[in-house]
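What follows is a single structure, written as structure tokens, with notes after it.
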């Protein structure tokens, strides 16, 4: 599992406490955490953001890579282990998973479906609310165009999270776009304190 660290903050707040706890989320953390996941069987992108009152902030992002050349069951097992670790570490309130869409061929659709199934099962087992968005829904929410390209979405993700550059690979920015879309569509910043207080 390769992780992209969040941008360090310049003032003391609950996010700084996470640094001291190696990014483990304390029980009394006041704001919701939304985890976006872009599933697959070779690579899974993920991005966790905090729905803070002053706007969304990057908590962590990265990717889970299955062993090269491994059989499908072994790849799915690696994804299960990786996404399970992410869920335990960041304890998201909501997990947003990319919804199935038309693939280029039947085999690709099957592989994506298998990866999605693992992610959905892990997210449901964690107790988080599970939401599914199509890529077009996330793109339309963030840039106003459901057909926007991946690079355009990546630049918007960086702007909204106040990052100097978009995280890589694009599977990661796709995952962050899902999480940001949920925050924007749900108006989470306005209700962050009350939602965060119910953390498990």
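The values are calculated or read from the model by the stated rules, or taken from the named source; none is laboratory data. Keep in mind that what you see is a predicted model, and the values were worked out from it rather than measured. Here the Cβ is made from the backbone with ideal geometry for all residues, glycine too, and neighbour counts use every protein chain on show.
Overview of values
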{"read-out": "Pick from the range 143-167, criterion outside any loop (DSSP other than H, G, I, E, B) and at pLDDT below 90, ranking: surrounded by the fewest Cβ atoms within 10 Å (Cβ to Cβ)", "value": "151"}
{"read-out": "Filtered residue count, the range 168-184, keeping only those that are surrounded by fewer than 23 Cβ atoms within 10 Å (Cβ to Cβ), within 20 Å of residue 65 (Cβ to Cβ) and touching a helix residue (DSSP H, G or I) at 6+ places or on another chain (Cβ under 6 Å)", "value": "1"}
{"read-out": "So residue 185, is it in contact with a strand residue (DSSP E or B) (Cβ under 9 Å, 6 or more places away or on another chain), at pLDDT below 80, over 30 Å from residue 74 (Cα atoms) and not in a strand (DSSP E or B)", "value": "no"}
{"read-out": "Qualifying positions in the range 41-55 - surrounded by fewer than 24 Cβ atoms within 10 Å (Cβ to Cβ) and either at negative phi or under 13 Å from the mean Cα position of the chain (by Cα) (or both)", "value": "41, 42, 43, 52, 53, 54"}
{"read-out": "Of all residues making up the range 124-142, the number that are in a helix (DSSP H, G or I) and touching a helix residue (DSSP H, G or I) at 6+ places or on another chain (Cβ under 6 Å)", "value": "5"}
